[in-house]
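The values are calculated or read from the model by the stated rules, or taken from the named source; none is laboratory data. No experiment lies behind these values; they were computed from the predicted model shown. Neighbour counts run over all protein chains shown; Cβ positions are idealised from the backbone, glycine included. Areas reflect the complete protein model, heavy atoms only, side chains present, ligands, DNA and RNA absent. Shrake-Rupley method; radii C 1.70, N 1.55, O 1.52, S 1.80 Å.
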Amino acid sequence: MQIIKAHKYGGPEVLLREEKARPQARGKQLCIQIMASSVNQSDLHLRRGQNLLCRFKNGIIKPRRMAVPGLEFAGKVHSVGPQVTAFKAGDRVMAYSGAGFGGYAQFQCLNENEVIVKMPENLNYLEAACLPYGALAAWHLIEDLSLKDQKVLICGAAGSVGNYALQLCQNAGAEITVVSRRNNHAWLKKLGAQKCLDYREENFWESPQSYDLIIDAWGQIKAKDAQRVLHPEGQFRTVSKMKSRASQAKLQKLADLIAAGKIQVFLDSVFPWEEVQKAHRKAESGEKAGHIALKISPNWNPKPHYN
Ligand SMILES: NC(=O)c1ccc[n+]([C@@H]2O[C@H](COP(=O)([O-])OP(=O)(O)OC[C@H]3O[C@@H](n4cnc5c(N)ncnc54)[C@H](OP(=O)(O)O)[C@@H]3O)[C@@H](O)[C@H]2O)c1
């Protein structure tokens with residue numbers, strides 16, 4: 001099978017194709033033929049070897065383990081291990097492999113108890129590959145809160161985490177203000193934002209508004225800034241301080257919300273995986289609204305490397 005691997009830390013050009021033996025499903029494992037994955041901030045961090053913690057985990061000088069990006073993917077169950085009970089060959093599934101990454105590959109094995117569920121009928125593979133990471137993070141940010149009629153400010157609402165945070169808050173009956181570039185405002189209003197602010201045009205930390213909840217889906221808001229427009233009893237939640245608590249049960253709840261038409265997946269763009277470097281450049285440009293999907297081709301004509 002073919003995989004895409006970061007051969008060293010650096011720009012999109014370090015992502016190269018490679019041949020590897022197809023994994024075999026054993027015990028409780030499913031072998032999934034991957035049809036689509038996505039490009040997320042975590043994939044960019046992995047590829048760049050962005051910080052010391054990341055290098056400590058993945059290799060100080062060059063990436064060793066986890067060098068195949070793609071922490072979420074969708075595909076078809078190709079084969080199952082002898083102890084698998086909940087899935088069968090042919091099932092359409094979506095998965096979050098989290099810190100294990102591995103979605104930029106034609107096949108991947110996961111244990112049936114990991115964060116993997118059957119896809120809702122109303123999603124295609126590209127959409128399903130763009131749900132788990134952002135929606136699970138958004139869910140973690142608000143799962144314990146009661147948001148009916150609460151005034152919520154969402155920073156980074158057009159991003160992979162932010163657009164799901166917006167949809168979940170809208171379902172919960174919150175009164176929502178979003179922060180995003182102006183060209184995203186019409187789309188975010190359709191998703192349920194009552195008011196839209198552009199971070200390039202105004203300093204909203206100076207405004208007389210006060211919010212019950214501030215969600216930082218961008219990951220770089222300072223708590224001391226948020227406090228200035230936060231109700232004294234209000235809460236500040238940020239993706240940067242969040243420990244992932246992804247589970248199969250939570251992903252199933254999100255799949256049920258998709259099936260019920262309560263949340264949707266918004267694709268900004270789709271790239272064939274031969275153009276993975278271009279897809280990463282697009283993600284780095286910041287010029288996106290929603291998700292970047294990567295189509296993993298089963299009929300790929302293998303070449304040793306990108307030029
Ligand atoms: N801890 C965890 O488990 C976890 C899980 C998921 C994500 N994360 C982190 O969450 C962060 C966001 O991830 P993502 O995948 O959603 O990223 P993304 O899709 O690239 O979205 C980032 C958003 O940030 C917004 N933004 C950029 N500059 C801004 C500014 N100056 N002020 C306000 N907003 C600004 C952008 O808004 P515009 O599009 O309007 O420019 C964009 O929509 C990353 O740091 C990621 O590592 C953490």
Quick check on my filter: what residues within the stretch 228-253 are touching a residue at least 60 places away in the same chain (Cβ under 8 Å), within 16 Å of the ligand (Cβ to nearest atom) and not polar (S, T, N, Q)?
229, 237, 239, 242, 245, 246, 250, 251
Scan 150, 167, 209 and give me the residue that is modelled with pLDDT under 95 and either surrounded by fewer than 15 Cβ atoms within 10 Å (Cβ to Cβ) or closer than 27 Å to residue 233 by Cα (or both).
209
Can you say whether residue 168 is part of a helix (DSSP H, G or I) and within 30 Å of residue 227 (Cα to Cα), as far as the supplied structure shows?
yes
Please go through (1) under 24 Å from residue 221 (Cβ atoms); (2) not in a strand (DSSP E or B) for residue 62 and return the number of the only condition it doesn't satisfy.
(1)
Assess whether residue 37 counts as being assigned to a helix (DSSP H, G or I), polar (S, T, N, Q) and either over 21 Å from residue 131 (Cα atoms) or open to solvent by less than 60 Å² (accessible area, probe 1.4 Å) (or both).
no
Name the residues in the stretch 270-290 that are part of a loop (DSSP other than H, G, I, E, B) and open to solvent by 60 Å² or more (accessible area, probe 1.4 Å), would you?
287
Residues (closer than 22 Å to residue 147 by Cα, more than 12 Å from the ligand (Cβ to nearest atom) and charged (D, E, K, R)) located in the stretch 166-216:
175, 189, 190, 195, 212
Out of the residues in the stretch 111-165 that are polar (S, T, N, Q) and over 30 Å from residue 33 (Cβ atoms), state the one that is nearest to the ligand (Cβ to nearest atom).
150
Under the condition of being open to solvent by less than 50 Å² (accessible area, probe 1.4 Å) and in contact with an Asp or Glu (Cβ under 7 Å, 6 or more places away or on another chain), which residue from the stretch 72-94 is farthest from residue 37 (Cα to Cα)?
84
Reported set for the stretch 251-269 where residues are open to solvent by less than 70 Å² (accessible area, probe 1.4 Å) and within 15 Å of the chain's Cα centre (by Cα) is 251, 254, 255, 263, 265, 266, 267, 268, 269
Selection count where residues are without any contact (Cβ under 8 Å) to a residue 12 or more places away in the chain and either β-branched (Val, Ile, Thr) or under 24 Å from residue 183 (Cα atoms) (or both), scope the stretch 254-294:
3
